[in-house]
Amino acid sequence: MSSKSLPKPLRELVRHWSEIAYEPELGIELEKIFYVNRWKTGTTTAFDLSEAVHKFHDGAARDLYKAYVMGGQGEWLVASAIARKILEREELPAELLTISEDKVRSCTWVPG
């Protein structure tokens, strides 16, 4: 079942929870840029930091933006976030778990 074939209240739930998952996903990728600390301590240059930020913007940040904002894969985004413990099952409405559970069990999909 694609998100478009879901009833409107479920589509809204999927959209809401995928928006909630987007920020921590972005944070996980941002943590990979440890160049800021290196730059502050003088162990790397401003040019290296700039290059790392550029790669992040053109890579992980763009991939996540495409997945979360433009991708239309809300159910898979939520399932992936559940499988990777970005979203906890206990915090999600039962209706959302009902449509996501099969995807969570088989989920190896990661945005990007």
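Observations
- Test result for Glu29, acidic (Asp, Glu) and exposed (fewer than 14 other Cβ atoms within 10 Å of the Cβ): no
- Residues of segment 68-94 that turn out to be surrounded by 19 or more Cβ atoms within 10 Å (Cβ to Cβ), closer than 20 Å to Lys32 by Cβ and either modelled with pLDDT of 90 or more or not hydrophobic (A, V, I, L, M, F, W, C) (or both), as a count: 2
- Close pairs from segment 77-100: first charged (D, E, K, R), partner surrounded by fewer than 12 Cβ atoms within 10 Å (Cβ to Cβ), Cβ under 8 Å, at least 6 apart: Glu95/Pro9
The values are calculated or read from the model by the stated rules, or taken from the named source; none is laboratory data. This one's a predicted model, so the numbers in the text were calculated from it and none came from an experiment. Don't worry about glycine lacking a Cβ; one is built from the backbone with ideal geometry, like all the others, and counts go over all protein chains shown.
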